[in-house]
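For reference, the structure is listed below as C-alpha cells.
The values are calculated or read from the model by the stated rules, or taken from the named source; none is laboratory data. Quick caveat: nothing in here was measured; it's all calculated off a predicted structure. Quick reminder, even Gly has a Cβ in these numbers, built from the backbone with ideal geometry, and neighbours come from all protein chains shown. The protein model used for the area step is the full one, side chains on, heavy atoms only, and it has no ligands, DNA or RNA in it. Shrake-Rupley method; radii C 1.70, N 1.55, O 1.52, S 1.80 Å.
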Amino acid sequence: MSFSPSFAWELGDRQAYNNKMAILKVMLEGARERAIAENDLETMCLIMSIGNDVTETFLRARADDAMINKRLTGMRNDLTACLALLYNRR
C-alpha cells in the first residue's frame, strides 16, 4: 500500500505536522544563530516562510484548529518582521 505525499494532510494528521514543525524549529534556531553571527537574514526568513507554508497546508485540512490558527498569526508576524529587517538593510 502506498500513500500520496498529501495523504497525511488529507487526514488532518497532527503528528505529521508536529514532526515537520519540530524539524523546522531546529533549522530555524540554527538560522537565527547564523543571522546574528553572519548577518544572514535570508536563510532565517526562508525557513520562517517554509514554516508558514507547512502550517497553512495543515490548516487547509483542519481549519477548525484554533491553536494552530493562532500560531500561524504569530508566525506571519515574525516573517513580516524578518522580511522588513532584510529589505531595510539593503
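Expressed as a whole percent, the accessible surface of the range 6-85 that belongs to carbon and sulfur atoms is 58, based on a 1.4 Å probe. Putting +1 on Lys and Arg Cβ atoms and -1 on Asp and Glu Cβ atoms, find which of 67, 35, 50 reaches farthest to the positive end of the dipole of the range 17-90. Comparing the listed Cα positions along the dipole, 67 ranks first. Summing Lys and Arg as +1 and Asp and Glu as -1 over all other residues whose Cβ lies under 15 Å from the Cβ of residue 19 gives a net charge of +2. In summary, the chain shows an alpha-carbon radius of gyration equal to 1.21 times the 2.2 N^0.38 Å reference for compact globular proteins. For the chain, the solvent-accessible area of protein heavy atoms averages 67 Å² per residue (probe radius 1.4 Å; ligands and nucleic acids excluded). Modelled label positions at residue 36 and residue 60, each set 7 Å beyond Cα in the direction of Cβ, lie 3.6 nm from each other. Taking Cβ atoms as reference points and 12 Å as the exclusive limit, the residues near residue 77 contribute a net charge of +2, counting Lys and Arg as +1 and Asp and Glu as -1.
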